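The values are calculated or read from the model by the stated rules, or taken from the named source; none is laboratory data. Note that the coordinates shown come from a computational prediction; the quantities given were computed from them, not determined experimentally. Neighbour counts are summed over all protein chains in view; Cβ atoms, including those assigned to glycine, are modelled from backbone coordinates with ideal geometry. These accessible areas exclude ligands, DNA and RNA; they are computed on the full protein's heavy atoms, side chains included. Shrake-Rupley method; radii C 1.70, N 1.55, O 1.52, S 1.80 Å.
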Amino acid sequence: MTSGPRIHFRAVHVNTAWRRVQNHRSLENALTGPRDGAPGLFAGRTRIDHEKHGRALFVIVWQEGQEIGHILKPGPTDLAAPFKVTVPIAMIHQLEANSGASLQTFEAFFTSDENRSEQAFEGAASLRQHMSRERSRKLVAAKKAAVLQATGRLACEACSFDFKEAYGDMAADMCEVHHVEALCTRASATITTLDELAILCANCHRVIHATKPMWPVSRLAERLRRSKGQPPRSRPSE
């Protein structure tokens, strides 16, 4: 019997950010299977270690050779009737290369059809450049580890938002690691040290990259304090 195109199935759980699943016999089974497909996983029927991985939040399915992939999440009233969106295969491959993404990134796919199409294509181009050409994942991990050791938390250096404090353990590692000097300003590749990185929440990271020329973290922090009627503070390390 000739085997068909390979089906890829990945699951995002509360405790496991990117779980690889094998042996789906067809794309339809992976998308609609009531026991071992996405509906079965969301409904808790799949035979896995649910205590270890936690509740399934998203499923990513794609077929080898196709130009699109599929992302699913549980339905609000019927877990076995999930929502499904399609995204360009380039974006799926980028998620695979990075072993997933933030929960906010996955949720962003479930917008209106028009907005989702724009976000998916823009996201694919931006994420590919940022992760493969610009940033070292080892350096990002090292910065997070150093800040955790020094302060015990990954709080935004501009607004003090802490994902773990707001959302619990499932978001303990969530934050953005920001280059205080934009990498696009460098004439060539140079060494980056931990002191040249800052911890930011997603909102502050987006805002600071919208400033031209890009603000230092301390300037954004002081602006936020003034907007809340708080007194100035000493400059945070950048």
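Quick notes on this structure:
- Where strands (runs of 3 or more DSSP E) sit wholly within segment 1-117, those with at least 1 residues that are in contact with a helix residue (DSSP H, G or I) (Cβ under 9 Å, 6 or more places away or on another chain) and open to solvent by 30 Å² or more (accessible area, probe 1.4 Å) occupy 19-21, 56-63, 68-73, 83-88.
- Filter result (exposed (fewer than 14 other Cβ atoms within 10 Å of the Cβ) and farther than 19 Å from residue 206 by Cβ) within segment 147-171: 149, 150, 151, 152, 165, 168, 169
- Selected residue (criterion: surrounded by the most Cβ atoms within 10 Å (Cβ to Cβ)) from residues of segment 172-195 that are modelled with pLDDT under 90 and part of a helix (DSSP H, G or I): 183
- Among residues of segment 12-33 that are among the polar types (S, T, N, Q), those with a beta-carbon under 7 Å from a residue that is open to solvent by 20 Å² or more (accessible area, probe 1.4 Å) and in a helix (DSSP H, G or I) at least six positions away or on a different chain give the pairs 15/52; 15/53; 16/53.
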